[in-house]
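First comes the structure, then the notes that go with it.
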Amino acid sequence: MKHYELPVAEPLAGAAPASAPEAARGREHIVFDNLQKRYQGPQGPVAALSDVSFAIARGEIFGIIGRSGAGKSTLLRTINMLERPDSGRVLIDGADVGQLDEDGLVALRRRIGMIFQHFNLLSAKTVAENVALPLRVAGVKPAAARVRVDALLDLVGLRDKADAYPAKLSGGQKQRVGIARALVHEPQILLCDEATSALDPETTQSILALLRDINRKLGLTVVLITHDMAVIREICHQVLVLDGGRKVEQGEVWRVFGDPGAEATRALLRPLQHDLPADLAARLSPEPQGPGASGVLRLRYTGAGRAQGVPLAALAALGPGATLLHGGLDRLGGHAQGSLLVSVPAGILRQEAARAALAADQIEVLGYVAADA
Ligand code: ADP
């Protein structure tokens, strides 16, 4: 038998249906109960996971973030028991996967597809052969396998590349093959290990769109790890933040990204934030300098409060002298989020209405700039 390294290589017969019924959405699909994992490193034991407990709902796109070494890969790989925790449990549909015997593990891995940063395709096989391989190994008849492979290549938009070899494909096309292959046994869970990290931004967008499409069409639960916060912002419903093997934060993406509670999260998100433009930063001083100085304020919109948009009451309270300097808003999960930089005559900041607006909203005085010469 040929050697190959696919996480899903088990018979198609008996595979659970891929599509989660609408009614089942939102119920707990994967539960992590007090996971602990240590490795023996050269300098002694390393705690890769400590007291990690949380749940992933069925049909959700769930992101796990954290700096390098935070424990993301270890956590992801406990789902299909490629990594066994030292203690604690992983439950899938209520079943403790750590208790499964060999046959049980085989059945489990059939329900879990996985895609990788470097695609892991066999270069001597065509696109169709790469996708068909797990089926062939599982003993599926060639005619039935062909039907399934054709359907999957249609799904990922690669029907016309069925006979091409991986060397002739772009990175995005290779990942599409990886996705088709991961879905070959109709899994209920798709694990994505830095699946877009080797791709350029445009290709990343198209792969994310495909993952979103698959999540919607098939009702798959998608669990992904990434160092790219934009990926989380783009497609995840929920995000978990790991730091030093511990869970430091979890919640809906718009909440966690809009108002991060942990310093580790703020550090990860810093590259996404609008910083002060350099020319403005250079002119900023902590106190008003001379007559006609203006205060520079940052208005932050976290998406909390009114879901649909940003009320302009705070801006209005700053009076007609308020000037928009910089900033922008995004929409995250239907919530407007971002920040605006505004300058106002320094005198206004001493007035009661303005002070009330400052106190009531998330408005920060960053400093003052002198009147233009
Ligand atoms: P991440 O995916 O967030 O970068 P990992 O789960 O890969 O984090 O690693 C968590 C910690 O465990 C790190 O300190 C890493 O060096 C250590 N680690 C991971 N795998 C092993 C291993 N096989 N042997 C020893 N240490 C490991």
| note | residue 47 passes all but one of the listed conditions (1) modelled with pLDDT under 95; (2) surrounded by fewer than 21 Cβ atoms within 10 Å (Cβ to Cβ); the exception is number (1)
| message | Which of the numbered conditions does residue 348 fail, given that it passes all the others? Conditions: (1) within 16 Å of residue 367 (Cβ to Cβ); (2) in a loop (DSSP other than H, G, I, E, B). | response | (2)
| task | Inspect segment 101-121 for any residue being away from the ligand (no atom under 16 Å from the Cβ), in contact with a Pro (Cβ under 7 Å, 6 or more places away or on another chain), modelled with pLDDT of 90 or more and more than 24 Å from residue 216 (Cα to Cα) and give the result as yes or no. | result | yes
| query | Among the residues of segment 50-85, how many are buried (at least 18 other Cβ atoms within 10 Å of the Cβ), within 12 Å of the ligand (Cβ to nearest atom) and of a type in the set (A, V, I, L, M)? | reply | 6
| field | helices (runs of 4 or more DSSP H) completely within segment 153-252 that count 2 or more residues being without any contact (Cβ under 8 Å) to a residue 40 or more places away in the chain | value | 171-182, 201-218
| query | Taking residue 88 and the conditions (1) part of a loop (DSSP other than H, G, I, E, B); (2) away from the ligand (no atom under 12 Å from the Cβ), which numbered condition does it fall short on, given that it satisfies the others? | reply | (1)
| task | Could you tell me which of the residues 121, 133 is assigned to a helix (DSSP H, G or I) and surrounded by 15 or more Cβ atoms within 10 Å (Cβ to Cβ)? | result | 133
| request: Report the residue count in segment 282-328 for those that are of a type in the set (A, V, I, L, M, F, W, C) and surrounded by 15 or more Cβ atoms within 10 Å (Cβ to Cβ). | output: 11
| query | So which pairs qualify, if the first residue must be in segment 79-96 and of a type outside the set (Val, Ile, Thr), the second must be part of a strand (DSSP E or B) and surrounded by fewer than 15 Cβ atoms within 10 Å (Cβ to Cβ), the Cβ gap must be under 7 Å, and the two must be at least 6 apart or on different chains? | reply | 88/34; 89/96
| query | So residue 278 clears everything in (1) out of contact with any strand residue (DSSP E or B) (no Cβ under 9 Å at 6 or more places or on another chain); (2) touching a residue at least 40 places away in the same chain (Cβ under 8 Å) except one condition, right? Which one? | reply | (2)
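The values are calculated or read from the model by the stated rules, or taken from the named source; none is laboratory data. If you're wondering where the values come from, they're calculated on a predicted model, not measured in any experiment. In this analysis, Cβ positions are derived from the backbone assuming ideal geometry, glycine residues included, and neighbour counts consider all displayed protein chains.
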